[in-house]
Amino acid sequence: MSRLFVEVTQRLRPQTLTPEHQAGVKRLVARFHEETGYPFNAIYADLNDHFHAGKYSDIPDDAWEEVNQWFQQRLEMIRKRKMHDR
């Protein structure tokens, strides 16, 4: 009975980022770092804070599009600041 309970509760939990999406996060973080110079650990910390996750791999997979938007919005803000500072 307890095995069945564990199996059911695991199925009811939101699925976390797939390995493919986790690799996508790593690429987005690297790109963000290259364009902004922000430290990797600061980018991951901000991402985790925004999604209320202990680590990025715990972000629900159904939030993948929001993860992409999160990066795009921040990159756009940085680009606008750079243009304004010129």
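Cβ under 13 Å from Phe71's Cβ, Phe71 left aside: what net charge do those residues give with Lys, Arg +1 and Asp, Glu -1?
Numbers: positive: Lys26, Arg27, Arg31, Arg74, Arg79; negative: Glu34, Glu35, Asp46, Glu65, Glu66, Glu76.
With Lys, Arg at +1 and Asp, Glu at -1, the neighbours total -1.
Quick one: which residues, 5 or more positions from Tyr38 or on another chain, have an amide H under 5 Å from its amide H? H modelled 1.01 Å from N in the peptide plane, none for Pro or chain starts.
none
Suppose every Lys and Arg Cβ carries +1 and every Asp and Glu Cβ carries -1, with no other charges. What dipole size does the chain come out with about its Cα centre, to the nearest 20 debye?
240
Find out how many positive minus negative residues lie around Lys26, taking Lys and Arg as positive, Asp and Glu as negative, among other residues whose Cβ is under 14 Å from that of Lys26.
+1
Here, each number is a calculation from the coordinates, and none is a lab measurement. Note that the structure is predicted; figures quoted are calculated from it, not measured. Methodologically, a virtual Cβ is constructed for each residue, glycine included, from the backbone with ideal geometry; neighbour enumeration extends over all protein chains shown.
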